[in-house]
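Report on one structure; see the data block that follows.
The values are calculated or read from the model by the stated rules, or taken from the named source; none is laboratory data. Worth saying up front: this structure is predicted, and the values here are computed from it rather than measured. A quick note on method: Cβ atoms are made from the backbone with ideal geometry, for glycine too, and the neighbour counts reach across all protein chains shown. Remember, those area values only see protein heavy atoms, side chains included, never the ligands or the DNA or RNA. Shrake-Rupley method; radii C 1.70, N 1.55, O 1.52, S 1.80 Å.
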Amino acid sequence: MSREVEITALEAVAHWFSEAKRAVILTGPELTFEAGIPDAGELHFNPDINSFREDDSVKEKYWEKIAEIYPKISAAEPTAAHKAIYELSILGELDCVITQAVDALLIKAGCENVLQIYSSIHWAQCLNCGKDYRMMETLTEMSRYGRKIPSCAVCRTGILKPPLSFPGQPLPHWEVREAWIKIQNCDFLICAGASLENEPVASFPVQARGGGAKTVVISAAKGSADDYVDAVLYGGPAVVLPALVEEVKRVSSV
Ligand SMILES: [Zn+2]
């Protein structure tokens, strides 16, 4: 792809964003990776929910990993990509941001209307009574009392886990339903650094396009959606999204 074609695609995307009345941005693991927390972007270490419930050694191993990576996630700062999405929310008619990331960095960057469809790693929830605990407080308690597995202070018997969906568990119902409604109603969808390989997210660009929305992929890597979306901007979201912000400002002032 020549430099000239790349600039033209960026300009077209900027125009679509400026003209959109209900734009949606979908983000995912590439943004988490760019923030220096690759493990949380992958989350391959999430065990099957049944073995987590039944096997203390699985729980121990999981919480050991969380204790190792959570301080990194908690200390991570929004990147140029997160900040650019916040700027886009000011510049245009951005209905919401749907994210696969569990790090809450979009919220840290100031974004409102964020749908975390894989939930958040900043909380731990009791599987028995539903009590929520801040992750940092849970880890601090574990460290203070030398516990390998945290337990619920309210019901005493409950198992704690982050509200992330482990294999064998459905995605958070409310968030996914809201995301579907937003996708069906949007007139412009940017998939920036999202993983479009698995459902339900794999169907989001298809659904948006079917409803008449322009669809764009921004990614450092080629993906299966590239062939049917209206435009693809290759590059890391932390590079491409700030360039898009500048282009939106430019086309809006012409
Ligand atoms: Zn409980």
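Does the range 66-78 contain any residue that is charged (D, E, K, R), over 28 Å from LEU196 (Cβ atoms) and assigned to a helix (DSSP H, G or I)? Can you show your working first?
Of all residues in the range 66-78, those charged (D, E, K, R) come to 68, 72, 77.
Then keep just the ones that are over 28 Å from LEU196 (Cβ atoms); that gives 68.
Subset that is assigned to a helix (DSSP H, G or I): 68.
Among the residues of the range 66-78, at least one is charged (D, E, K, R), over 28 Å from LEU196 (Cβ atoms) and assigned to a helix (DSSP H, G or I), which makes the answer yes.
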Selection within the range 83-98 - surrounded by fewer than 21 Cβ atoms within 10 Å (Cβ to Cβ) and β-branched (Val, Ile, Thr): ILE90
Boolean, TYR62 is at pLDDT below 95, under 15 Å from ASP103 (Cβ atoms) and outside the structural domain of GLU112 (by TED's automatic domain parsing): no
Filter pass, ASP187 being open to solvent by 20 Å² or more (accessible area, probe 1.4 Å) and either closer than 30 Å to ARG22 by Cα or not assigned by TED's automatic domain parsing to the domain that holds THR32 (or both): yes
Qualifying residues in the range 227-254 (those that are modelled with pLDDT of 95 or more and farther than 19 Å from ALA80 by Cβ) - the one most open to solvent (accessible area, probe 1.4 Å): ASP230
